[in-house]
1. I want the antiparallel fraction of DSSP beta bridges within the chain, as a percent rounded to 5.
2. Considering only Cα-Cα distances, which of the following residue pairs are longer than 28 Å: LYS132/LYS167; LYS96/LYS212; LYS43/LYS179; LYS190/LYS282; LYS96/LYS190?
3. Long-range amide H contacts for GLY136: which residues qualify at under 5 Å (H placed 1.01 Å from N, peptide plane, sequence gap of 5 or more or a different chain)?
4. Evaluate the relative contact order of the chain (contact order divided by residue number), counting alpha-carbon pairs under 8 angstrom at least 6 apart; express in whole percent.
5. Can you tell me the relative contact order of the stretch 1-128? Whole percent, Cα pairs under 8 Å, sequence separation 6 or more.
6. Which three lengths, in whole Å and largest first, does the chain cover when its Cα atoms are put on their principal axes?
7. Take the chain, connect every pair of alpha-carbon atoms lying under 10 Å apart with a spring to form a Gaussian network, then pick out the residue of ARG174, ARG154, ARG33 with the largest mean-square fluctuation.
8. Order by neighbour count: TYR61, TYR73, TYR181, TYR246, fewest other Cβ atoms within 10 Å first, most last.
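Read the figures in this text as sums done on the coordinates, not as results from a lab. It should be emphasised that the depicted structure is a prediction, and the values quoted were computed from it without experimental measurement. Quick reminder, even Gly has a Cβ in these numbers, built from the backbone with ideal geometry, and neighbours come from all protein chains shown.
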Amino acid sequence: MRQIIAKFLLLIYNNVKRSNLLRNLIKGLIGDRKFVFDFNGLKICASPNSAIESNIIFNSYNEVIILKLIENYAAKGYNFIDIGANIGLHSISAAKSNPNIEIFSFEPETNNFNCFIRNIDLNDIGNIRPFKMGLGNFKGTISMNINQDWNKGRHSLKVSFGENTKKLNIPLTRLDDFKEYINCENLLLKIDVEGFEKEVIEGGEKIIGEIKQGAIIIELLEEINGLDVCKSIVETLKASEFDAIYKIHANQFISVKEFEGSADYILVKGNDSQNLFNNFNKKCEKV
């Protein structure tokens, strides 16, 4: 009954009046429970006690253009590697767009990973290979900082969250350790690891170097890594011929030559991949 009432109020919130009073009432009804919600044609298990999940519930998720880009590449047969999968929204979006592609997804945090597995089941997905581990530049165990505050998507191997930090030892391996299983002909990568991007790339340089047609979606945060590291990440990818660079700003793709401040970036390699991106971008500009 609680779920029925919460979903009815959510319907009013999303279609009639978006008020803080109504939002807080819905959050109070749901509490720490995870209910199943419809989002972007998917069934997603979510709770408002996490920033990403709350944005899904209240239809305020801010990476819709990235989801659509992933869906676009997946629909054209690009395999997908999701590094920092969280509860699996990007992976499941790709899988729904094309059940014939291969998807490798990596999420080391227990609660996020368990929710990811449930979301795979809810959407009857059969082409995702989920791994409960992190990726970096060595194979072993590493201590990850778990953010116990509202934003459960910010767990980090680099950032401490003060008194809200809990430590969790996680297995770590290299992307290149999966080289024999990954088809690099047409490949899309998403890297969102809260400051560990350089290490992920160092551990995946063979796969990245062998991509024929592809794109890399990567979050680069100067406030975590510093300007020099962010610039070096872009230059490293450019050296592997990912030389068409776009910065996402206000749901628009802005062509840049190098790192230009904290944001999500798209780096594209190959003529076919570039044409696919250009066609997608033209559709976005018309909206």
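1. Looking only at bridges with both residues in the chain, the antiparallel portion is about 60 percent.
2. In this structure, LYS43/LYS179 exceed 28 Å between Cα atoms.
3. THR173, ARG174, LEU175
4. Normalised by residue count, the contact order of the chain is 13 percent.
5. Reported as a whole number, the value is 18 percent.
6. 55, 45, 36
7. Result for the chain, Cα springs under 10 Å: ARG33 fluctuates most.
8. Going from sparsest to densest Cβ surroundings: TYR181, TYR61, TYR246, TYR73.
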